[in-house]
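Peer 1: The structure that follows is given in the form of structure tokens.
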Amino acid sequence: MPPAASRGAQSPPPPVVELTFGASLQGRPLSGTRIGVGPRKLFVVANTHGGPEANTYQLALALQEYFRLNPDEVPPEVSLYIVPTVNPDGLALGTRFNSRGVDLNRNMDTNFDDCPENDWRTTVEGAYGYVSDTGGPFVESEPESQVVRDMVLDASAVIWLHSSGGDVFPALCEHAASIALAQAYAQASGYRYDRFWINYNITGGMHDWAGALGIASITPELATGTEPELAANLAAVQAVLANYERLLPAPSTTIEAASGVEMPALLWRYWRAHGGPDWFGPPISPVVQSNGRATIYFAEQHLVLTPEGADALQPVQRADGGQELWTEYLLHAPESAYQLR
Ligand SMILES: [Zn+2]
């Protein structure tokens, strides 16, 4: 750990903040704890599968308690977010699904990575390989999925806790940062490293969705369906924190968009995660920097990255008007007012 010493004797401990990200279909909060304010955001997200995986909820509560008491273990460069359940209705009702029977780990838009086999569909394979129509009527149809989508959009890494398999696997599509994180987590926890979930094919999974956005993304499957297994997972989270420079990718400033226009990574992620060219149209402008805000115009809409950037819960704002506003802008702004990044 590089905690208090590297922070200096006078520095206060990292702040601990309780957050609510949104609500479930039945109105229960999706909430969590943030420890620290560093730019590399590590999320621990538990209990996507409700009642049958309640031990991941218990684990996350125990991790929350531990890091509230030991915030100095979070390095200054890192923010640690712990979200005990993203399926509070399923937890309350004792079901794997949300309150209208959708498997939240089959509901994400996984269609934009290079792996067709994990693409979202309604008919899915689930626990024990059972096939059912629980993928939802369309991608991210569920309020819980939509909260997850915006909650981790600017994360460096996400650890999605499930049970039970006794292994750890990264996003299915080749992604070096996810693989490195899964291997490190496996080594420190004692769980087996698997390149992918070997029991059946997962479509629309949160880990694959996040990996496709460039987020280091792994799924540890606890060894049992009953115990929180705190020691193993605390050791693994501590190992990730201690090796954050290698395992938690720093927020990148630019990324190449599909059309060849470069834009801040967070704008690109938002555009991609909220429908990409189908919804916004292609980018039609360079990034415009104005008043500390980065704006990019798409054919149908435009997106603005707010000055608060990575520390805001909603760092990207979106509004109607693309082509016409960009044309208007060009009429009134000298060329020196905007710049390619
Ligand atoms: Zn699960």
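The values are calculated or read from the model by the stated rules, or taken from the named source; none is laboratory data. These figures come from a predicted structure and were not determined experimentally. Cβ atoms come from the backbone with ideal geometry, glycine included; neighbour counts cover every protein chain shown. Protein only, heavy atoms only, side chains kept; ligands, DNA and RNA dropped before computing areas. Shrake-Rupley method; radii C 1.70, N 1.55, O 1.52, S 1.80 Å.
Peer 1: P(r) for the range 1-134, please, calculated from all Cα pair distances in 5 Å bins and given in %.
Peer 2: That works out to 2, 10, 16, 17, 15, 14, 11, 8, 5, 2, 1, 0, in percent per bin.
Peer 1: How would you classify the range 69-110 from its alpha-carbon gyration tensor, with a ≥ b ≥ c the square roots of the eigenvalues: rounded for a/c under 1.5, else prolate if a/b is greater than b/c, otherwise oblate?
Peer 2: Since a/c reaches 1.5 but b/c is at least a/b, the shape of the range 69-110 is classed as oblate.
Peer 1: Can you compute the modelled spin-label distance between residue 192 and residue 254, with each label point 7 Å from Cα toward Cβ, in nm?
Peer 2: 4.5 nm
Peer 1: Mind ranking 263-272, 282-291 by how tightly packed they are, going by the mean number of other C-beta atoms within 10 angstrom, highest first?
Peer 2: Per-residue Cβ counts within 10 Å, averaged per peptide and sorted highest first, yield 263-272, 282-291.
Peer 1: First check a/c for the range 173-252, with a ≥ b ≥ c the square roots of the eigenvalues of its C-alpha gyration tensor; if it is under 1.5, answer rounded, and if not, answer prolate when a/b is larger than b/c or oblate otherwise.
Peer 2: Working: a/c = 2.00, a/b = 1.08, b/c = 1.86.
Oblate, because a/c is 1.5 or more while a/b does not exceed b/c.
Peer 1: Taking a quarter of the surface of the convex hull around the Cα atoms of the range 98-251, what do you get in nm²?
Peer 2: 8.6 nm²
Peer 1: Restricting things to alpha carbons, tell me how big the chain is in terms of Rg and Dmax, in Å.
Peer 2: 20.2, 64
Peer 1: May I ask you to list the trypsin sites (Lys or Arg not before Pro) in the range 92-154 that are in a DSSP loop and have at most 16 other Cβ atoms within 10 Å of their Cβ?
Peer 2: On the way: sites: 96, 100, 106, 121, 149; in loops: 96, 100, 121.
Sparse-neighbourhood loop trypsin sites (Lys or Arg not before Pro): 100, 121.
Peer 1: Accessible area, 1.4 Å probe, largest first: how do 119, 114 sort?
Peer 2: 114, 119
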